[in-house]
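Heads up, the thing below is written out as structure tokens.
Readers should treat all values here as calculations from the given coordinates under stated rules, not as data from a laboratory. Nothing here was measured: the structure is a model prediction, and the numbers come from that model.
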Amino acid sequence: MTSTTSERLREAVSDTLGYGEPRRVVYNLVLVLIVFVLAVLANVCYCAAYLADVFVQVSGFREAWQKWRFILFVIGLAFAAVITPWFVLGFFTSPRVG
């Protein structure tokens with residue numbers, strides 16, 4: 001490489017880093033905000049299992065329920081794993097028109 005090519009490459013790399021690195025903070029903050037919103041929604045849904053758990057706890061099936069309630073957790077986890085990709089796709093894609 002000639003001195004001119006080397007200098008141009010160094011200038012281009014410096015310019016790229018000088019432009020991109022300060023904007024990395026904004027980029028990461030936006031991603032954190034999106035993930036935080038999705039995490040809050042997921043935890044709201046998780047709390048819905050408490051309603052079912054309390055309902056069965058106050059019934060006559062409490063002892064049996066305490067042995068088998070992990071099934072509610074597994075079903076809820078599987079349900080969340082299945083619907084999360086669809087929710088994310090719907091959340092981040094715009095509807096088609098026409």
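Over the chain, dividing the summed -39,500 (n - 2.57) contributions of all DSSP H runs of at least 4 residues by the number of residues returns a 222 nm mean residue ellipticity of -31000 deg cm²/dmol.
Taking the convex hull of the alpha carbon positions in the chain and averaging its projected area over all directions gives 13.1 nm².
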